[in-house]
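Structure, as structure tokens:
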Amino acid sequence: MSNKTKTGRYQRILRQIEELIGATGSPWSRMSTIVALLHHKMPDFFWTGFYYLDNGDLVVGPYQGPVACLKLKKDTGVCWAGINEKRSLIVPDVEKFPGHIACSSLSKSEIVVPVYNKTGKIVAVLDVDSKKLNAFDEIDQNELEKIVTLIFESSSK
Ligand code: SME
């Protein structure tokens, strides 16, 4: 997919999410809607979901794709790195990421984007895996960072 096609697709997804999420302020409903849209509209998204912090554990939230690990070993892997470093991470080749947790051996590359609540605290990460190596770039990062800000945005209805 060209950069232009990809950006256009993300823009349409963003608009669609904006339209839909006004119906409820529930972060769970919004996260579920976001993963459904992303997973079905982005061709290389093999696993798309959220892991959220639950009393110090990082556990799986709404997702689409193959069954995934329910809980991630503390301070290990890409999702925990995103939480601990408070930043998005693009992993072009998961086998080269020390401690990477393979929920599926088919996943080859990955992106993780932190989710902040209204008070600016990290509460979750959006995690996307691809069966392709090097599937994610700065466009994905920028657009996904925009999308996750909608989870805790004030509801208009
Ligand atoms: N690979 C992740 C674990 C979650 S699965 O990709 C769905 C990690 O290393 O944290």
Exercise. For the chain, what number results from the quotient of the Cα radius of gyration and 2.2 N^0.38 Å?
Worked result: 0.97
For this session: May I ask you to list the trypsin sites (Lys or Arg not before Pro) in the range 57-142 that are in a DSSP loop and have at most 14 other Cβ atoms within 10 Å of their Cβ?
Result: LYS73, LYS74, LYS86, ARG87, LYS118, LYS121, LYS131, LYS132
For this session: Evaluate 2.2 N^0.38 Å with N set to the residue count of the range 41-121, then give the Cα radius of gyration divided by it.
Result: 1.06
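Laboratory data are not the source of any read-out in this text; all were calculated from the coordinates shown. Since this is a predicted model, take the numbers as computed values, not measurements. Here Cβ is always computed from backbone atoms with ideal geometry, including for glycine, and neighbour counts include all displayed protein chains.
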